[in-house]
1. Can you tell me which residue within the range 10-27, out of those that are over 12 Å from residue 82 (Cβ atoms) and out of contact with any strand residue (DSSP E or B) (no Cβ under 7 Å at 6 or more places or on another chain), is surrounded by the most Cβ atoms within 10 Å (Cβ to Cβ)?
2. It is to be established whether one or more residues within the range 150-157 are in contact with a helix residue (DSSP H, G or I) (Cβ under 8 Å, 6 or more places away or on another chain), crowded, with 17+ Cβ neighbours inside 10 Å and under 22 Å from residue 71 (Cβ atoms).
3. If I filter the range 97-112 for residues that are surrounded by fewer than 19 Cβ atoms within 10 Å (Cβ to Cβ), at pLDDT 95 or above, farther than 19 Å from residue 49 by Cα and touching a strand residue (DSSP E or B) at 6+ places or on another chain (Cβ under 8 Å), do I get at least one hit?
4. Just one of 83, 55 is without any contact (Cβ under 8 Å) to a residue 60 or more places away in the chain, in contact with a helix residue (DSSP H, G or I) (Cβ under 8 Å, 6 or more places away or on another chain) and more than 25 Å from residue 137 (Cβ to Cβ); which is it?
5. What pairs come out if I take residues in the range 135-160 that are on the phi > 0 side of the Ramachandran plot and modelled with pLDDT of 95 or more and pair them with residues that are surrounded by 18 or more Cβ atoms within 10 Å (Cβ to Cβ) and outside any loop (DSSP other than H, G, I, E, B) whose C-beta lies under 7 Å away, six or more apart or interchain?
6. Does residue 45 satisfy being touching a helix residue (DSSP H, G or I) at 6+ places or on another chain (Cβ under 9 Å), buried (at least 19 other Cβ atoms within 10 Å of the Cβ), touching a residue at least 60 places away in the same chain (Cβ under 8 Å) and not in a strand (DSSP E or B)?
7. So, in the range 117-134, of the ones that are loosely packed, with under 14 Cβ neighbours inside 10 Å and without any contact (Cβ under 8 Å) to a residue 12 or more places away in the chain, which residue ends up nearest to residue 95 (Cα to Cα)?
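The values are calculated or read from the model by the stated rules, or taken from the named source; none is laboratory data. Predicted model only: the values in this text are computed from it and were never measured. Quick reminder, even Gly has a Cβ in these numbers, built from the backbone with ideal geometry, and neighbours come from all protein chains shown.
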């Protein structure tokens, strides 16, 4: 019987995380994004799914700011979420999201933003309606937000600098 556990990522996991990201996305951009976010000190919560000692999933929430009326409110951005293709459909992605949400709430975070499939992320409470008044480089139905407490309803989303490099 195999055992899957969710745990905080460690420096020893870096190479395995890189491989999971490359396998999941079929390119190296997301792996580079993860490296840049971690190196830049922008990672807020980073977890891995560990199946019998092998990293098969990864999630990272990075620092994001909502600028509104001269104020800058700290929030988090979910990106990326990756699961080894052979483990798709096994619930690992959902387990990573749920555990990360628990840790974020415990740390006092109140707002998370994601850019992704509304049908998938909607299952975890994200909605485009909650994000539609945010301004940013990314708009449309894929932009979704989830709030656990007092958080801005509108404002400009300012992502970590690593995202700007990814979009270039």
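1. Looking at residues that are over 12 Å from residue 82 (Cβ atoms) and out of contact with any strand residue (DSSP E or B) (no Cβ under 7 Å at 6 or more places or on another chain), I get 14.
2. Checked against the condition, which is being in contact with a helix residue (DSSP H, G or I) (Cβ under 8 Å, 6 or more places away or on another chain), crowded, with 17+ Cβ neighbours inside 10 Å and under 22 Å from residue 71 (Cβ atoms), the range 150-157 yields no hits at all.
3. Yes; the residues of the range 97-112 include at least one that is surrounded by fewer than 19 Cβ atoms within 10 Å (Cβ to Cβ), at pLDDT 95 or above, farther than 19 Å from residue 49 by Cα and touching a strand residue (DSSP E or B) at 6+ places or on another chain (Cβ under 8 Å).
4. 55
5. The qualifying pairs are 155/66; 155/134.
6. no
7. 119
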